[in-house]
1. How do the peptides 14-22, 28-36 rank, highest first, by the average count of neighbouring beta carbon atoms within 10 Å per residue?
2. Set the Förster distance to 22 Å, then compute FRET efficiency between Arg34 and Arg66 from the Cβ-Cβ distance, nearest 0.05.
3. Near Ala41, within a Cβ-to-Cβ distance under 12 Å, what is the net charge of the other residues, with Lys and Arg +1 and Asp and Glu -1?
Amino acid sequence: MLKSINRTSLKQHNSGKVTSTKAFIPWLVCLVERFETFKNARERELYFKTGSGRRYLQTIKENFIREVATKPDISDELPGFRFFCLNY
């Protein structure tokens, strides 16, 4: 289930079907979180839009880049990617 959710959502964002994100394509998933309820996922999403939430995501992004920077087949593509966090 998780793999299909990621692929579907990421595919929609990278194909330009999501108005709010199409100006920033391509996207790459760097964080996936799972929640028991939609309400909990929505609260987390709203947190990511606060100053401290944005700083947290920046840290996640930086750690992700450091982790894959040693993989030459991926690291060359990173500068052009935006990073996508999926809550469901």
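No value in this document is a laboratory result; all are computed from the given coordinates. The model shown is predicted, which means the values in this text are computed figures rather than measured ones. Here the Cβ positions follow ideal geometry from the backbone for every residue, glycine too, while neighbour counts run over all protein chains shown.
1. Working: 14-22: 11.9, 28-36: 14.3.
The packing order, highest mean first, is 28-36, 14-22.
2. 0.35
3. Values: positive: Arg34, Lys39, Arg42, Arg44; negative: Glu33, Glu36, Glu43, Glu45.
So the environment of Ala41 carries a net charge of 0.
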